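A quick write-up on the structure given underneath.
The values are calculated or read from the model by the stated rules, or taken from the named source; none is laboratory data. These figures come from a predicted structure and were not determined experimentally. Glycine also receives a Cβ, built like all others from the backbone with ideal geometry; neighbour counts cover every protein chain displayed.
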Amino acid sequence: MGRNVLVVGGGGREHALGWRLATSPSVDRLVSAPGNPGLAALGPTHPLDPTDVTAVADLAERDAIDLVVVGPEGPLVAGVVDELARRGIPTFGPTAAGAHIEGSKAFAKSVMDLAGIPTAGYVATTERDAAHEALERFMPPYVVKADGLAAGKGVRICLDLEEAREAVDDALVHRVFGDAGTQVVIEEYLEGPERSVFGVCDGEDVVLLAPAMDYKRARDGDEGRNTGGMGAYSPVPGCTLDDVGHLTEDVFRPVLRELASRGTPYRGLLYAGLIDTVQGPKLLEFNARFGDPETQVVLPRLASDLGELLAASASGSVADVEVAWRDDAAVTVVLASGGYPGPYDTGLPVRGVEEAGRSGAVEVFHAGTARDDDGRLVTAGGRVLAVTALGPTVSEARALAYAAADRISFDGLQRRGDIAAGVAEG
Ligand code: AMP
Ligand code: GLY
């Protein structure tokens, strides 16, 4: 007897979660809300606002759901998990108190301090003058962050003091981030490649997943603006599961102990964003959810049952679950709307998805797509699709992913050409 699973969300990460869950022996039936055309191929989808806590919980009850898997941060911060817990429905994801680790950068920094985790030096303040004074104690480039969730736009890396002061004023005086920017965090700049390490947590213990490398900038060569992520690959040479094993004791368990001691034990995914500095890895940030598009390369490499692992995180012990990995490498290339991460058109017909996905080594994950009135696939978001391929090596997976991506077209399609390029093979 397998589980009925509800995936909350409708992006590329949720399609990848749903796809992996649908193939898990422990899962009988997959439902998603709101879902997307990719998830619709795996089971029923229900149009609702995923941050509408009552609507999500009502659906889970009505549909006899045994496990809810929450993808994005919005519903977590809104307290979807708290409401589902109140109704006795096992849910993968932290409560609103736990999601605060992503929802407030100042809170995250204080937890890192208390848990003794290496991270960038910082000052958090709500006062403009204090912020301007604090900037004097840092060196360029200056990092100025809005404390709260600002849809990926809350971080400014400033080359000179004047720009940094403007960034402070934008948040604290002009309130361009609204309530998300009533506090700023000024931070030491960390230099080095970024890595994403995911830990599946059960409140006390953690199981690390294979690390991935994400490409945050819009253009080749890490030029252009910061985006949600334009591509990813895994494994990362020099940053394999073995290489990051020490993070269990150095980062994850101290944080879990700290949060448990505050009466808010953390269940769900804890995402550690690290920078590999010359002094060793330093923690940049925590997220309370799977990364997007890293999930689209991590989960295709998972050989064991994802449903069992997420269920153990929700209401059991993750150490009891056997986790196994394929030897294959995975690469994903994001196909974005022209103009992203700025304004872009939607409703443009998307061609070639079926042809691209015909090879067994390729999976096309839907991120920002919809069906128009005639049932045709059209663009509906900034990141439209993530084309993932598996191969014996990163470079073979890369070649397959780009060959598949070449078959897909829509007006204005924008993608990077250098995802996983030049990765040293072990
Ligand atoms: P975040 O919204 O915290 O994920 O930050 C967005 C991006 O800004 C990160 O992925 C980094 O590329 C960059 N960033 C944030 N903080 C720092 C820092 N202290 N040093 C260098 N880069 C940073
Ligand atoms: N790809 C970065 C993130 O999910 O935050």
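Computed quantities for the displayed model
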quantity: Selection from the range 223-237 of residues that are free of Cβ contacts under 8 Å to residues at least 12 places away in the same chain and away from ligand 2 (no atom under 16 Å from the Cβ); calculated: GLU223
quantity: Check on LEU59, touching a residue at least 12 places away in the same chain (Cβ under 8 Å) and touching a His at 6+ places or on another chain (Cβ under 7 Å); calculated: yes
quantity: Set ALA397, ALA404, ALA336, ALA389: member being buried (at least 24 other Cβ atoms within 10 Å of the Cβ), touching a Ser or Thr at 6+ places or on another chain (Cβ under 7 Å) and among the aliphatic types (A, V, I, L, M); calculated: ALA404
quantity: Test: residue in the range 380-391 that is in contact (Cβ under 8 Å) with a residue 60 or more places away in the chain, touching a strand residue (DSSP E or B) at 6+ places or on another chain (Cβ under 9 Å) and more than 20 Å from ARG13 (Cα to Cα); calculated: yes
quantity: Number of positions in the range 291-336 that are away from ligand 1 (no atom under 16 Å from the Cβ) and assigned to a helix (DSSP H, G or I); calculated: 19
quantity: Verdict on GLY422 being modelled with pLDDT under 95 and within 18 Å of ASP220 (Cβ to Cβ); calculated: yes
quantity: Strands (runs of 3 or more DSSP E) lying entirely in the range 223-290 (those with 2 or more residues that are surrounded by fewer than 24 Cβ atoms within 10 Å (Cβ to Cβ) and either more than 16 Å from ligand 1 (Cβ to nearest atom) or under 19 Å from the mean Cα position of the chain (by Cα) (or both)); calculated: 223-226, 267-277, 280-287
quantity: Wholly within the range 89-200, helices (runs of 4 or more DSSP H) carrying at least 3 residues that are within 16 Å of ligand 2 (Cβ to nearest atom); calculated: 96-103
quantity: Residue match in the range 349-360 (condition: within 30 Å of ALA311 (Cβ to Cβ) and either at pLDDT below 95 or of a type in the set (Ser, Thr, Tyr) (or both)); calculated: yes
quantity: Residue in the range 267-284 that is more than 15 Å from ligand 2 (Cβ to nearest atom), farther than 23 Å from HIS246 by Cα, touching a residue at least 12 places away in the same chain (Cβ under 8 Å) and in contact with a strand residue (DSSP E or B) (Cβ under 8 Å, 6 or more places away or on another chain) present; calculated: no
quantity: Lone qualifier among GLY342, GLY360, GLY381, GLY417 - being farther than 30 Å from CYS239 by Cα and surrounded by fewer than 17 Cβ atoms within 10 Å (Cβ to Cβ); calculated: GLY342
quantity: Subset of the range 114-139 [within 15 Å of ligand 1 (Cβ to nearest atom) and loosely packed, with under 14 Cβ neighbours inside 10 Å]; calculated: GLY121, ARG137, MET139
quantity: Any hit, the range 153-169, residues being away from ligand 1 (no atom under 13 Å from the Cβ) and crowded, with 23+ Cβ neighbours inside 10 Å; calculated: yes
quantity: Hits in the range 201-222 - residues which are in contact (Cβ under 8 Å) with a residue 24 or more places away in the chain and in a helix (DSSP H, G or I); calculated: ASP220, GLY221
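A quick yes/no check of all residues on (1) more than 27 Å from GLU191 (Cβ to Cβ); (2) within 16 Å of ligand 2 (Cβ to nearest atom):
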position: THR295; (1), (2): no, yes
position: LEU299; (1), (2): yes, yes
position: GLU308; (1), (2): yes, no
position: THR332; (1), (2): no, yes
position: ARG351; (1), (2): yes, no
